Amino acid sequence: MSKLVCKKCVLDSDIPGIEINTETGLCHFCETYTPLLSQEKSEYLSKIDELFKNCSGKGNYSIIYALSGGKDSSYTLYKLKKEYPFLNVLAVQFDNGFISENAIQNAKKMCKVTGCDYFQLTIEKDILYDTFRKAAESHDAFPNFAKYRASDICNICITIIKQKLIEQAIIQKAPFIVFAFTAGQSPNPIINLSLNFIKWSRNLFEKQLQKIGVDDKDELFLIKSEIIENMGENALSILHPLCLWEYSEDKVLRTLLEIGWELPDIKDSNSTNCTLNSFACYNHLEKYGFHPYAFDTAGLVRSGEMSREEGFEKINKELSKQLIEEASNKLKLKPNNFKKSVTTI
Amino acid sequence: MEQIKNCIIDYLKANSFMDKDTKFGDNDSLTQSGIIDSIGLLELVDYISEKYSIEIPEDMLTPENFDSLQGITNMIFKLAK
């Protein structure tokens, strides 16, 4: 049967697990999609507003913020502090060994502009490269659920960030962790984390690492068990305000450029901060045959935040060969080590 | 009970990229068999709370209650009573 493309988003029947209804022409995600109504969005925003206003943090910070230095996280930090200047924010930037110098400068600048503290989380490069290499060489190590949201390499990286931000929030006794996920990336605007769930998600990540051959016995990537035990009664929530705000890439960039954020110097259509992303996408395409941003992009198209044409352009854009080669050299992997080569996507 | 179980299977088939023909037993681990991850679990919690109009206490967010079809079904049955 020839490939069917969903009439509404960018998913197609060649992607494993995606079904297109021949009668409606829609994929099963578009068929069951129920958008957040503007009233629901307002309710969530009011809840967040209330949480912030009633926040009585026992520590130095009210928010531990995931700042990559890319456009979305820089913009969200700016808007958040503009609306809630009283929040004490610790912005954490994870140096995964591949963040661009421009992203570091942008992150520091954003902290200066917004009056937030900056903390760079670092892990020994060799250990990180070894882990990313193992993720690249792994096959089906992650649940389908994760595999469709991001590449294996990005899944490792983002999970390390989540683990270490939760750890930081417990240490700092901060009640909130904020990520700048778009509507296509985040399932819920407010996630309350219970101690049980934190322990469980830590164990799941530990097993995923073991599956790719990484034994994190020093708890460099995982939340330290000792710290979880000291969490006590402190409540902890993850918030995704960006998915509730109106999103326009043009508006985000315009706002940022006005306040001194500088356009990235890396040529990657999907990341403005990470030089590993092109390789991670290439690796995912080689292994699974679909773009790791397809589902995220489909979500943005489905919700009307991106046109279908822009969506196709995004996932069909050729990856940067230069970035792929640079990253594979760092990881001591050769692109032609993979089963088949992809020149364009 | 069977109705609840079928409802969860339908949800997983529609939301977790499971192949149509995937078969799993009532006590198989959803996380270890690669069907769902921690983000998926949170979405599932939301879906169950809304679908069955129940509030799931935080101390019930455990693998025993959420990592298998049987565990989820039992938990919903208990809370929806």
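The values are calculated or read from the model by the stated rules, or taken from the named source; none is laboratory data. Model, not experiment: these values are computed from the prediction. Every residue, glycine among them, receives a Cβ derived from its backbone with ideal geometry; neighbour counts consider all protein chains shown. Areas reflect the complete protein model, heavy atoms only, side chains present, ligands, DNA and RNA absent. Shrake-Rupley method; radii C 1.70, N 1.55, O 1.52, S 1.80 Å.
Points worth noting:
- For peptide B:61-69, the mean count of partner chain Cβ atoms within 10 Å of a residue's Cβ comes to 3.
- For A:E229, the accessible surface of its heavy atoms amounts to roughly 120 Å² (probe 1.4 Å, protein chains only, rounded to the nearest 10).
- For q = 0.18 Å⁻¹, Debye-computed log10 I/I(0) when each Cα of the stretch A:38-244 counts as one equal scatterer: -1.42
- Over the C-alpha trace of the stretch A:180-261, radius of gyration and Dmax come out as 17.7, 46 angstrom.
- Globularity index of the stretch A:113-235, i.e. its alpha-carbon radius of gyration over 2.2 N^0.38 Å: 1.10
- Reachable aspartates and glutamates, given that their alpha-carbon falls under 12 Å from the alpha-carbon of A:K332 and they are not under 8 places away in the same chain: A:D126, A:D130, A:E137
- Buried accessible surface for the A/B chain pair comes to about 2500 Å², total over both chains, computed with a 1.4 Å probe.
- In a DSSP loop and with at most 16 other Cβ atoms within 10 Å, the chymotrypsin sites (Phe, Trp or Tyr not before Pro) in the stretch A:1-83 are A:Y33.
- Residue with peak Gaussian network fluctuation, chain A [Cα springs, cutoff 10 Å], from A:G232, A:G213, A:G25: A:G232
- Gaussian network model of chain A, Cα within-10 Å springs - most flexible of A:E101, A:E325, A:E124: A:E124
- J(HN,Hα) series, the stretch B:43-57, from Karplus relation 6.51 cos²θ - 1.76 cosθ + 1.60, nearest Hz, glycine and proline x: 5, 5, 4, 4, 4, 4, 4, 6, 4, 9, 6, 10, 9, 8, x
- Computed over Cα pairs, the Kirkwood radius of chain B leads via Stokes-Einstein (0.692 mPa s, 37 °C) to a diffusion coefficient of 259 µm² per second.
- With Cα atoms, 0 to 90° folded angle of helix B:2-15 axis to chain B main axis: 60
- Relative contact order %, chain A, counting alpha carbon pairs below 8 Å whose residues are six or more apart: 22
- Structure note, pairs A:K164/A:K321; A:K53/A:K108; A:K41/A:K314; A:K224/A:K287; A:K109/A:K162: Cα-Cα distances above 30 angstrom occur for A:K164/A:K321; A:K224/A:K287.
- Per-residue mean of C-beta atoms belonging to partner chains within 10 Å, peptide A:198-207: 4
- Surface exposure of the protein assembly as shown, expressed per residue as accessible area with a 1.4 Å probe, stands at 46 Å².
- If you take the Cα centroid of the stretch B:17-81 and the Cα centroid of the stretch A:80-98, the two points sit 33 Å apart.
- Within 10 Å of each Cβ in A:147-156, the average number of Cβ atoms from other chains: 1
- Mean ellipticity per residue at 222 nm, deg cm²/dmol - from DSSP H runs of n ≥ 4 across chain A, formula -39500 (n - 2.57): -14000 deg cm²/dmol
- Viscosity 0.692 mPa s, temperature 37 °C, Stokes-Einstein D of chain A from Kirkwood C-alpha radius, µm²/s: 156
- Around A:D12: net Lys/Arg minus Asp/Glu count, Cβ-Cβ under 13 Å: +2
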